[in-house]
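Where a number appears in this text, it was derived from the coordinates with a stated rule and is not lab data. As the structure is a computational prediction, the values presented were derived from the model and not from experiment. Every residue, glycine as well, gets a Cβ built from its backbone with ideal geometry; the counts of neighbours run over all protein chains shown.
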Amino acid sequence: MKRRTLKSGILLSAVVLALLLLTGGQALAFEERTGQTVVIEEGQVINDDLLVTAANFVLNGTVKGDLIAFGESITIGPKGVVEGDLMAAGREIAVQGVVKDDARIAGAALTIAEGAQVGDDLFGAGYSLDTRSGSRVGGTLLFAGGQAVLGGDVAEKANVGAGGVSLLGAVGGDMKAVVGSKQDELPFSPFDFMPDMPRVPKVPAGLTIGLDASIGGSLEYTAAQEASIPAGVVEGPVTYTEPAPKAEREREPVVARRGSAVLPSLGFLFVAWLLGLVRNTVTLLIVGLLLAWLAPGLARRGSDLLKAKPWPSLGWGVVLFFGVWIAALVIVVAAGLIALLFTVLTLFKLAGLIFAVGMLLASILIVAYVIAAGLLAKIIVGYLIGRLILRGLDPATGAGRVWPLVLGLVILAVAASIPCLGLIANLLVVLFGLGAQWLLVAAWLRGRRSAPA
């Protein structure tokens, strides 16, 4: 009965954790809408936060809280109002109404239509951003993507990184831009060859500033070609920076040159090697001593199993070394296929839950493997090495549990820092240590099964 209760508790905890991860920890306060097409009609009021997962979503009513939307096409209609934040991701996102707080949007085509208002900051990422004339962003505009047309008003700063940026409207504060080169410009839009994709404006590479544009502060931009800036558009200073060369090298003391290759000095290499050795040693010692304090018998029992069964430990270590990654891949693929099946059946909520649980399980498996292989394996092997050395020097002493661990971890850190040999030594330590942990877990499970009720 206790075992069944424990399993039920673990399963329930996993489901609750997956739900919290899926909904960002706030889903308990959300009203949720799903389906192929979801429409909030004019006059309809959502008195809470709203979560929407749909192929097509249109808001013509009012959301009193935050709106989170995922889908192909997401539209805040001319009568739509979001009184909190807007967080949306999809193929096409259009804001035609009012978002009273921040808007965080990501997608292929992002549009802030004429008459649309974003009360505070606008954060965007995607292929194209088009803020049209008559639109307004009440705070800062931040965009990263393929191209951007800034035709509306931005009350504060604008920071943009894109292949092509065209400023036609007004920026109240400073503007910073990092833009691409005309040599990298495509002669066509990638959307021209993709079905059901929205139309986006054609923006030339580099920075383009219109005659009617205005920047209330300074302008800093990085571009391969200097932009033509009309007189009187920028009130503050203009700073132009050419992009740094791709092959820019650090200037280090050299001992030899081979063609264009610059070789660092022996002193620099030794200092770098020594710093790496110190970092690795300190990390292992901190984790090892903490483990010796929290679980004093783990390293000793693991090292005893490794000493008694070295070759089974190696065999199981090889199995785990490859098997964990294969198992994680199988979990992700299976979760993706099941989620795809439920998506086809328009069960979007269940599809999201299945995929989130699959990713959660795969992540837990990989994190457990990294801890077991990167830390616990070295602690077990290091403890065994230190104990064998100290007992060889003085067979009459037990050496305690701290000094064998410290000695063994220092030896492993030094061995791992040796070029070429360190890779082989580290691989063997991981394999033997993983196998010892598997045997330790198996022995614990056998003891649990054989224990009297």
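Fully extending the segment from V414 to L290, taken as 0.36 nm per residue of separation minus the present Cα-Cα distance, adds 42.6 nm.
Can you tell me the length gained on complete extension of the stretch K309 to V367, counting 0.36 nm per residue apart and subtracting the Cα distance? Present the calculation step by step, with values, prior to reporting the outcome.
Numbers: separation 58, 0.36 × 58 = 20.88 nm, distance 2.64 nm.
Difference between extended and current length: 18.2 nm.
In order along the stretch 376-384, phi translates into HN-Hα couplings of 5, 4, 5, 5, 5, 5, x, 4, 5 Hz, rounded to whole numbers, per the Karplus curve 6.51 cos²θ - 1.76 cosθ + 1.60 with θ = phi - 60° and x for Gly and Pro. Spatially close Lys pairs in the stretch 26-241, defined by Cα atoms under 21 Å apart and a spacing of eight or more places or different chains, total 6.
Near S214, once Lys and Arg are set to +1 and Asp and Glu to -1 for all other residues with Cβ below 10 Å from its Cβ, the sum equals -3.
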